[in-house]
Amino acid sequence: MLLPKGFEVEMYTGTPEGEIVGLSDRIVADLDRFSREPDKRNVEYTTAPLCSYDQLLCELVRPRQILRDYLHRLGSYTLVPGSTLSLGDSGQFFRSDPNNPYHDFIERSYGSTVVTASVHINVGIGDLEVLMRANRLIRVEAPLYLALSASSPFLDGKVTGDDSTRWQVFPQVPEEVPLFDSHGHFVRWTEEQLALGTMQNVRHLWSSVRPNGDRRPYNLNRLELRICDLIADPIDLLAVTALLEARIWQTILDPSLDPLASSRLPENTRAEALLELTRDNERAVAKDSLDATLRHWEDGREILARDWIEQMYQTVLPTAKERGIRCFLSPIRQILREGNPAQQWRRACENGSSPREQIVGAIEAEIRRERELEDKLCRLLVA
């Protein structure tokens, strides 16, 4: 038995030379399954909730092939990897829908800090209190998923010094989001934020992970991990998803796997201490990703992000094997060995390359990878 999973994938459009060009208004008008972001330089597509990883792989690849064909018909355009405006221009905002009042609010309030590309991983959980427990666990471990996915070391053609510039600049709204101890807590807190105006609507909760559903905050059915940078390689994305699902299964089967219950931090200040620790870990990972020194939620001990991920990998292996998804986990070890995209790109720049050269190379590598995946898997499943 596996949980249903779906993705929201944001991607930039632009030229083969890495220049980002806003085309989402035209894409959304002409293609199904794609939706616009406030700035038209990136576009989003979603996948239906599916349990099968093989089917998810095809659902990730097919829309990109459709979009690439469409972009080619428009001109010399392609998809540009990375999670920030790597080669510029972060000084401008290009509205995709000038008449949308929510987009107007976003532009006025946040400017181009929201013009990022990422992937949101949604995992279905039917029981409300189990969902809230999973939300607590994944919240304190969310920095590890950012460490695996970091792909935004550039902004406006420069190396920023951060592996995830996206998470450094993206606004956290509201500024203080608690570890919800129950579904009722989440409902009361959300209603209060809407009344105070710190949230404009129920979608205006921009945290690393959040409970989600068709009628938030009342009807919830999934956990949404939002912290990841764009994971351009679909196989790597499925690996991160398998790690997430295995971890969720662990807390489903073992209710004691709950930071509020099992952390050894002082009980009277535990919730606040866990939030502070998690915020510090997010900042550290945004800067140094896999090489960041973090504090573990269990007891506050210091640990390198890559070592924590390796420990988690070993911990979830039996669960992943029982669920039949162990094979999908294997790319995690490769990422730990070779580094995430941000680390690989920064190393190349330290050796004399440039941000533009790295982005252009990543564009070409992504095209080759998607063709390989469609040829080897998607056609087989269709047949």
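Per the Cα gyration tensor, region 53-196 maps to an equivalent ellipsoid with semi-axes of 30, 22, 18 Å, ordered largest to smallest. Between Arg347 and Ala48, the contour length at 0.36 nm per residue exceeds the Cα-Cα span by 104.0 nm.
Region 186-228 and region 282-296 have Cα centres spaced 26 Å apart. Hey, for a label at Arg26 modelled as a point 7 Å past Cα toward Cβ, could you say which residues of region 43-74 have their backbone N under 17 Å away? Hits in region 43-74 for Arg26 at 17 Å: 43-44, 66-74. Taking all protein chains together and a 1.4 Å probe, the residues Glu298, Glu10, Glu272 rank Glu272, Glu298, Glu10 from largest to smallest accessible area. Expressed as a fraction of 2.2 N^0.38 Å, the C-alpha radius of gyration for the chain is 0.95. Each 10 Å bin, from zero up to the one with the longest distance, holds this percent of the alpha carbon pairs of region 10-132: 12, 39, 32, 15, 2, 0.
To the nearest 20 debye, what is the magnitude of the charge dipole of region 286-364 about its Cα centre, counting +1 on the Cβ of each Lys and Arg and -1 on the Cβ of each Asp and Glu? Mind showing how you got there, number by number?
Working: 12 positive and 12 negative charges, 41 e Å.
Approximately 200 debye in magnitude.
Taking a straight Cα-Cα cut-off under 28 Å and skipping sequence neighbours fewer than 8 places away in the same chain, the lysines within cross-link reach of Lys5 are Lys40, Lys321, Lys376.
I'd like to compare 46-57, 215-226: which one has the highest average count of other Cβ atoms within 10 Å, and what's the full order after that? If you can, show how the numbers build up before the last one.
Details: 46-57: 16.9, 215-226: 18.7.
Order by mean packing, descending: 215-226, 46-57.
Return, ordered by residue number, the residues of region 1-41 whose backbone nitrogen is under 17 Å from a label point located 7 Å along Cα→Cβ of Lys321. So the set is 1. Between Gln172 and Tyr218, the modelled label-to-label distance comes to 3.1 nm, taking each label 7 Å out from Cα in the direction of the beta carbon.
Return one whole number: the accessible area per residue of the chain in Å², for a 1.4 Å probe.
41
Could you sort the peptides 134-145, 198-209 by per-residue average Cβ neighbour count (10 Å cutoff), highest mean leading? Please list the in-between numbers first.
Numbers: 134-145: 24.4, 198-209: 17.1.
Top to bottom by mean Cβ count within 10 Å: 134-145, 198-209.
The values are calculated or read from the model by the stated rules, or taken from the named source; none is laboratory data. Just so we're clear, the structure is a prediction, and the values are computed from it rather than from any experiment. FYI the Cβ positions are ideal-geometry reconstructions off the backbone, even for glycines, and counts take in every protein chain you see. Quick note on the areas: whole protein, heavy atoms, side chains included, nothing else; ligands and nucleic acids left out. Shrake-Rupley method; radii C 1.70, N 1.55, O 1.52, S 1.80 Å.
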